[in-house]
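The values are calculated or read from the model by the stated rules, or taken from the named source; none is laboratory data. Bear in mind that the values here come from a model prediction, so they are computed numbers and not experimental data. All Cβ positions, glycine included, derive from the backbone under ideal geometry; neighbour counts span all protein chains shown.
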Amino acid sequence: MRIEIISIGKELVAGRARDTNGSYIAEKLFGAGIRVGRITLVDECVGDITSLIREAMQRGTHVLISSGGLGPTPGDVTFTAVAEAAGVGLVSDPAALRLVTERYDDLLKKGRVPIPHLPPGRVKMATVPSGAELLQNPVGIAPGIKMRAGVTTIYCLPGEPAELKGLFEETVYPEVLLLFGGGAVVVDRIKSQLKDESVIYRLGKMVEKRFPFIYVKIRPGKGDKIAVEFIASEEGRGEPLQMDRAVRYFQELEVERKERRNG
């Protein structure tokens, strides 16, 4: 199964901000043994976002998570792009408007918003793709959505980090774990007999080619020792013998390499 992330924002493509949202989601999923296949940065352009979503759908991506573009400004166009990619229209959703209004009133009572009435621009946040499922924002105002398009489930999350984390951890993360069968990552670590990182890297790629559910990572060790980690993907966790075989195969390749060098 495949999962991808699209991070939306002018400041991201301008190099003025780091994609902390994409990194957070990918790291969180990786910790559950789920590897993200692609993270893409894109400007706030309907056409570009639509194209990226369609391309992900054509690749057979099972889960696509976007961050950003859900606010009240003209540049917040994520819902429009999702609707175009899915071939549906935009609708003013009474439930979404109710969520936005209730969250706004709650934040007003807490003194976190200055205007006593919901600004007209905020109503835009309740205009969502037809057929979308609303995801309540536990921190901010803008709701997220969950949208099914072909084999792809699309999650649209706010770009503000605290809001994204709240919505992701409360709703999206548990659903993705169920879908992908996530659990603890299976990791094995050994000390390499070799000292050349480029050679170790090539041997790791040979292991990954033979065992596609195993990811090999090189880490500097103490002294002149180099640590090699073998990490099982979500598919590989169901076949525990693969890890042992992958480690043994790597060690056999090391021995062959040393014998060729010494011979």
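For a quick check of your reading of the model, give me the residue pairs whose first member lies in segment 111-135 and is modelled with pLDDT under 75, whose second is surrounded by 15 or more Cβ atoms within 10 Å (Cβ to Cβ) and among the aromatic types (F, W, Y), with beta-carbon atoms closer than 8 Å and at least 6 apart or on different chains.
V113/Y104; L118/Y104; R122/Y104
Is it the case that T73 is assigned to a helix (DSSP H, G or I) and over 15 Å from the mean Cα position of the chain (by Cα)?
Against the criterion (assigned to a helix (DSSP H, G or I) and over 15 Å from the mean Cα position of the chain (by Cα)), T73 does not qualify.
Tell me the residue from L108, L70, L90, L99 that is more than 19 Å from G144 (Cα to Cα), assigned by TED's automatic domain parsing to the domain that holds P174 and in contact with a Pro (Cβ under 8 Å, 6 or more places away or on another chain), please.
That would be L108, the only listed residue that is more than 19 Å from G144 (Cα to Cα), assigned by TED's automatic domain parsing to the domain that holds P174 and in contact with a Pro (Cβ under 8 Å, 6 or more places away or on another chain).
Give the residues of segment 43-56 that are surrounded by fewer than 21 Cβ atoms within 10 Å (Cβ to Cβ), closer than 18 Å to A86 by Cβ and in contact with a helix residue (DSSP H, G or I) (Cβ under 7 Å, 6 or more places away or on another chain), sorted by residue number.
Selection gives V46, T50, R54.
Examine segment 234-257 for a residue that is surrounded by 12 or more Cβ atoms within 10 Å (Cβ to Cβ), part of a loop (DSSP other than H, G, I, E, B), in contact with a strand residue (DSSP E or B) (Cβ under 7 Å, 6 or more places away or on another chain) and at pLDDT below 90, and state whether such a residue exists.
no
For K222, all conditions in the list (1) modelled with pLDDT under 85; (2) within 22 Å of the chain's Cα centre (by Cα) hold save one; what is the number of the exception?
All conditions are met except number (2).
Quick one: what pairs do we get from segment 73-84, first residue under 18 Å from L135 (Cβ atoms), second of a type in the set (D, E, K, R) and outside any loop (DSSP other than H, G, I, E, B), C-beta under 8 Å, 6+ apart or different chains?
D76/K124
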